[in-house]
1. For each of 93, 209, count neighbouring Cβ atoms within 10 Å of the residue's Cβ, then give the residues from fewest to most.
2. When averaged across all projection directions, what area in nm² does the alpha-carbon convex hull of region 239-366 cover?
3. Pull up all non-local amide H partners of residue 255: gap of 5 or more, or a different chain, and H-to-H distance under 5 Å with H placed in the peptide plane.
4. Kindly give the semi-axes, whole Å and largest first, of the ellipsoid equivalent to region 11-50, taking each as the square root of 5 times a Cα gyration tensor eigenvalue.
5. Highest mean first, what order results for 128-137, 317-326, 27-36 on Cβ atoms within 10 Å?
6. For residue 33, which lysines qualify as cross-link partners when the Cα separation must be under 26 Å and same-chain residues fewer than eight apart are set aside?
7. Per residue of region 128-139, in order, report the coupling 6.51 cos²θ - 1.76 cosθ + 1.60 (Karplus, θ = phi - 60°) as ³J(HN,Hα) in whole Hz, putting x for Gly and Pro.
8. Quick one: order 37, 220, 259 by neighbouring beta-carbon count within 10 Å, fewest to most.
Amino acid sequence: MNIVRIDREAIRRNYQAIKARVGGETQVMAVIKADGYGHGMVEMATILQAAGVSNFGVATVEQGIVLRRAGIKGSLVILLGGSAEEIPAMHSHSLEPVIFDGDQFAQFSEVATHLPGKLAVHLKVDCGMGRLGFKPEEAFAWSEKIKAAPGLELIGIMSHFPSADVDLELTRCQNEVFGRCVQAVRASNAKVKAHIANSAATLQGRDFHWDLVRPGLALYGCYPSSDPQWQRTPLVPAMTVASTIVQVEDAPVDKGISYGHLDTTRRPSRLAVLPMGYADGFLRSLSGGVGQVLIRGQRAPVMGRVCMNVTVVDVTDIPGACRGDEVIIMGRQGNDQISADEIAAWMGTISYEVLCLLGNMQRQYVN
Ligand SMILES: Cc1ncc(COP(=O)(O)O)c(C=O)c1O
């Protein structure tokens, strides 16, 4: 009844658009954590690997193992680093953890010493995100400690931008700080790869690209914000979320709708019931006309409270709407489109969260 349709061709086109933006020398690390931002992690890795991607970023060791078992080759970076207990598994699956903390380094170097060969790692510096990472002025010292650890091999230096979508000046300053770290670390680790750019910085410009860019959102066809400047890079949303009308009924004036009768009909109405609710990611904050859906190419506003698995919408102005009609929750129908950004604005959140919430249903892959 509810389905998440993922357009593989859109993913391939978005990757090509990003590739064209960064040019031949820079590689792309596809960020496919959070189940590929709701698009399916293994499926995304498989499509992108076939399209030429050989670097992937995931959050956890468990995700990395799932990808290896699914036949994903190349570099798999564990952005959250993993735990010391997971080092043997990282080793045997050739996963590349990020090292961002002194205690973590001590544990990792101790465990890795007892394993054959070396565990490839990336050093994370906090150039202004205020989250994970070593202080920039300590980057060189930590890179030397990693270099001296018999079980570890430093292959990357990385950071993460907090505001590349909204504050170019700040992003430039942070990029300069990163540049100084890269220079210092490369003085004795010449081959270390540098990477810092998320989608916004990737689309923004070459100064931020370094050796590798790490887009997530853009691969799935969403822009960092609604500012038209981003549209120089053509992206296609890959996710459509559809439901089906399960009942249409006439309602007289003053009929209370759904839990708590948040809404009552103000006119003789026709109301359609959808088998979709907050448990499916169609959040309760969309209640009372905040959210809309597309039916027969027209917008139908939500009536009353969104329930766990049920939502009522007003189809009075949509002639012919009937049981079995397809309902577009997110995506295009006729000449209209509901984007992840529009839903995010209704929910008071960002498109990332909308993709993760709505993408978590049965998926169908097309193209
Ligand atoms: C470390 C890191 N790099 C890259 C990304 C990709 O960011 P975006 O989806 O904005 O491109 C993320 C996402 O949160 C991240 O945590």
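Each reported figure results from applying straightforward, stated rules to the coordinates on display, with no laboratory input. Computed from a predicted structure; not experimentally measured. Cβ atoms come from the backbone with ideal geometry, glycine included; neighbour counts cover every protein chain shown.
1. Working: 93 16, 209 22.
Placing the least packed residue first, the sequence is 93, 209.
2. Working: hull surface 29.5 nm².
Across all orientations, region 239-366 yields a mean hull projection of 7.4 nm².
3. Hits under the 5 Å cutoff: 265.
4. The equivalent ellipsoid of region 11-50 has semi-axes of 20, 10, 9 Å.
5. Working: 128-137: 15.9, 317-326: 13.5, 27-36: 23.7.
Peptide ranking by packing, descending: 27-36, 128-137, 317-326.
6. Within the straight-line limit of under 26 Å, residue 33 reaches these lysines: 19, 73, 118, 124, 135, 193.
7. Ordered by residue, 3J(HN,Hα) equals x, 5, x, 9, 8, x, 6, 5, x, 5, 9, 4 Hz.
8. 259, 37, 220
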